[in-house]
Amino acid sequence: MSKPLDSIKHLFRIKELRRKLLFTLFIFVIFRFIAHIPVPGVDLVALKQLFNSNQLLGMLDIFSGGTLANFSVMALGLGP
């Protein structure tokens, strides 16, 4: 059990890896905050009903991280 914990501790000892890891975590946090900002002028109630009634759209919403059902600002820039 101590082997995985030692690996994680070792990640934070190396300055370059620590900097990259913290930057990545920071970007994830920023993404999740921006994912909750809805696009103005969109009827969110009707959009949620559409996603609840269609399983394919629900699956796409799962892949987008929930940004499609909220129709957030992040949904405008994400896509395959």
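Any read-out appearing in this document is the output of simple, stated calculations on the displayed coordinates, not a laboratory observation. Predicted model only: the values in this text are computed from it and were never measured. Glycine also receives a Cβ, built like all others from the backbone with ideal geometry; neighbour counts cover every protein chain displayed.
Among 37, 8, 14, which is under 21 Å from the mean Cα position of the chain (by Cα) and among the β-branched types (Val, Ile, Thr)?
None of the others qualify; the one that does is 37.
Does residue 51 count as among the aromatic types (Phe, Trp, Tyr) and in contact (Cβ under 8 Å) with a residue 40 or more places away in the chain?
So residue 51 does not fit the description; no.
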